[in-house]
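**Q** Let me begin by handing over the structure; questions about it come next.
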Amino acid sequence: MDQQADQQTVNGRKALDDWRSQIDALDTELLRLLNQRAAIACEIAKIKVASGLPAYDGNRERQVLARVVEKNTGPLDEQSVTEIFSGIIRETRRLGTQRMQEAASKP
């Protein structure tokens, strides 16, 4: 390889490393936000237990999904956004249900 090709390879690796660093930082921020969301879901679970409300609220789930789809500007498409947020909702509901059961079983 000539010197120009070597430099392009080095520049390509640097650009790739830079993009990957940005992805890593975003993943860390997403994890922080997901855990914050889960903590709020646990607080909601406490309120639901105290109020005698069920863990699952289909209307609320549909509202959340409709809102995020409406707010989406891409490049993720509607199906991707719906699938991602459905998973987030499912996992936070699972955690909230677990916390509700723990709270209900305490004397």
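The values are calculated or read from the model by the stated rules, or taken from the named source; none is laboratory data. Model, not experiment: these values are computed from the prediction. We place every Cβ from the backbone using ideal geometry, glycine too, and count neighbours over all the protein chains shown. For the accessible areas, the whole protein counts, side chains as well, though only heavy atoms, and no ligand, DNA or RNA atoms are used. Shrake-Rupley method; radii C 1.70, N 1.55, O 1.52, S 1.80 Å.
**Q** Rounded to two decimals, what is Rg over Rh for region 8-77 when you use alpha-carbon atoms and the Kirkwood radius? Intermediate values should be presented prior to the final figure.
**A** On the way: Rg = 19.1 Å, Rh = 15.7 Å.
On the Cα set of region 8-77, Rg over Rh gives 1.22.
**Q** Cα axis of helix 58-71 to longest principal axis of the chain: angle in degrees, 0 to 90, nearest 10?
**A** The angle comes out near 30 degrees.
**Q** Can you pull the percent of the chain's accessible area that's carbon plus sulfur, 1.4 Å probe, other chains left in place?
**A** Carbon plus sulfur share of accessible area: 56 percent.
**Q** With each run of n ≥ 4 DSSP H residues scored as -39500 (n - 2.57), what mean residue ellipticity at 222 nm is computed for the chain after dividing by its residue count and rounding to the nearest 500 deg cm²/dmol?
**A** Taking each H run of at least 4 residues, the total per residue is -30500 deg cm²/dmol.
**Q** With just the Cα atoms of region 20-59, tell me how far they stretch along each of the three principal axes, in Å, largest first.
**A** 46, 19, 8
**Q** Next question. Assign unit charges at the C-beta atoms only (+1 for Lys and Arg, -1 for Asp and Glu), then state the dipole size of the chain relative to its Cα centre in Debye, rounded to the nearest 20.
**A** Using only the charged Cβ atoms, the result is roughly 840 debye.
**Q** Let me ask something additional. Computed from the mean reciprocal separation of all distinct C-alpha pairs, what Kirkwood hydrodynamic radius does region 49-107 have, in Å?
**A** 12.9 Å
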